[in-house]
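Participant: Below is one structure. I have some questions about it.
The values are calculated or read from the model by the stated rules, or taken from the named source; none is laboratory data. No experiment lies behind these values; they were computed from the predicted model shown. Reconstructed Cβ throughout: ideal geometry from the backbone, glycine too, with neighbour counts over all protein chains shown.
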Amino acid sequence: MRKDSKIKLIKRAPLFEHCSARELSRIASVANEYDLPAGRTLAGQGTRGNEFMVIVDGAAEVRRNGRKVNTLGAGDFFGEISLLIGRGHTATVTTKEASTLLVINARAFRQLLRDVPSLQLKVVDALAARLPAD
């Protein structure tokens, strides 16, 4: 996928919708595109994650303790909790249909937060909103 196409897709994710052109370009430079079939487990509850993922197209089901808690679609993202706080995934995420994802590995994600400090607050806000109440 060309970088300008990635930028358009990344900008659709609520986390990145207010990013500058420079920030979006930096994000696109470290994001990889994957086309995955239905039924692919993207994150397993309790397992440590190594990637931040944004759904570009398709849908995924989110299950916590075996119970469906959400359905994700284009623009939704996950994996940031495990990457940022070192805990296992808070839920299992599985594609419901063939899906396209942009994936940023843990090392690139952390470097991105160092290189683009304005993203730090956006990610922390998203993280706080997603942490389950204990």
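Participant: Among the residues of the range 77-101 satisfying the criterion of being at pLDDT 90 or above and of a type in the set (A, V, I, L, M), which is nearest to F16 (Cα to Cα)? Spell out how you get there, then give the answer.
Facilitator: Step one: filter the range 77-101 for residues at pLDDT 90 or above, giving 91-101.
Then drop every residue that is not of a type in the set (A, V, I, L, M), which leaves 91, 93, 98, 101.
On the way: A91: 23, V93: 21, A98: 24, L101: 15 Å.
For the range 77-101, the residue satisfying everything is L101.
Participant: Let me ask another. Considering (1) touching a Leu at 6+ places or on another chain (Cβ under 6 Å); (2) within 16 Å of A126 (Cβ to Cβ), say which one A60 fails and leave the rest.
Facilitator: (2)
Participant: When the residues of the range 47-76 are filtered to those that are closer than 25 Å to V30 by Cβ and among the small types (G, A, S), which remaining residue is surrounded by the fewest Cβ atoms within 10 Å (Cβ to Cβ)?
Facilitator: Let us first name the residues in the range 47-76 that are closer than 25 Å to V30 by Cβ, namely 47-60, 62, 72-76.
Narrowing further to those that are among the small types (G, A, S): 49, 58-60, 73-75.
Details: G49: 23, G58: 19, A59: 16, A60: 26, G73: 13, A74: 15, G75: 18.
Here the answer is G73.
Participant: Can I ask one more? Within the range 92-101, is there a residue that is under 20 Å from A128 (Cβ atoms), in contact with a strand residue (DSSP E or B) (Cβ under 9 Å, 6 or more places away or on another chain) and not polar (S, T, N, Q)? Show your work before the answer.
Facilitator: Our first condition is that a residue be under 20 Å from A128 (Cβ atoms); within the range 92-101, this holds for 93.
From the residues that got through so far, the ones that are in contact with a strand residue (DSSP E or B) (Cβ under 9 Å, 6 or more places away or on another chain) too are 93.
Applying the additional criterion that residues be not polar (S, T, N, Q) yields 93.
Yes.
Participant: Another question, if that's okay. Within the range 77-134, how many residues turn out to be under 16 Å from A28 (Cβ atoms) and in contact with a Gly (Cβ under 9 Å, 6 or more places away or on another chain)?
Facilitator: 5
Participant: Answer yes or no: is there a residue in the range 112-133 that is over 23 Å from K11 (Cβ atoms), touching a residue at least 12 places away in the same chain (Cβ under 8 Å), not in a strand (DSSP E or B) and not charged (D, E, K, R). Spell out how you get there, then give the answer.
Facilitator: Step one: of the range 112-133, the residues over 23 Å from K11 (Cβ atoms) are 131-133.
Next cut, touching a residue at least 12 places away in the same chain (Cβ under 8 Å) only: 131-132.
So of that shortlist, the ones also not in a strand (DSSP E or B) come out as 131-132.
Filter once more, so that each one left must be not charged (D, E, K, R): 131-132.
Yes, some residue in the range 112-133 is over 23 Å from K11 (Cβ atoms), touching a residue at least 12 places away in the same chain (Cβ under 8 Å), not in a strand (DSSP E or B) and not charged (D, E, K, R).
Participant: OK, next. Inspect the range 115-123 for any residue being in contact with a strand residue (DSSP E or B) (Cβ under 8 Å, 6 or more places away or on another chain) and surrounded by 13 or more Cβ atoms within 10 Å (Cβ to Cβ) and give the result as yes or no.
Facilitator: Step one: list which residues in the range 115-123 are in contact with a strand residue (DSSP E or B) (Cβ under 8 Å, 6 or more places away or on another chain), which gives none.
Within the range 115-123, not a single residue is in contact with a strand residue (DSSP E or B) (Cβ under 8 Å, 6 or more places away or on another chain) and surrounded by 13 or more Cβ atoms within 10 Å (Cβ to Cβ).
Participant: Right, something else. Only residues that are among the β-branched types (V, I, T) and under 17 Å from I104 (Cα atoms): list them for the range 43-88, please.
Facilitator: Of the residues in the range 43-88, the ones among the β-branched types (V, I, T) are 47, 54-56, 62, 69, 71, 81, 85.
Once the filter is applied, which keeps residues that are among the β-branched types (V, I, T) and under 17 Å from I104 (Cα atoms), the range 43-88 yields V54, I55, V56, I81, I85.
Participant: Please specify each residue of the range 1-42 satisfying the condition of being of a type in the set (D, E), over 15 Å from the mean Cα position of the chain (by Cα) and closer than 19 Å to A108 by Cβ.
Facilitator: Residue satisfying the conditions is E23 alone.
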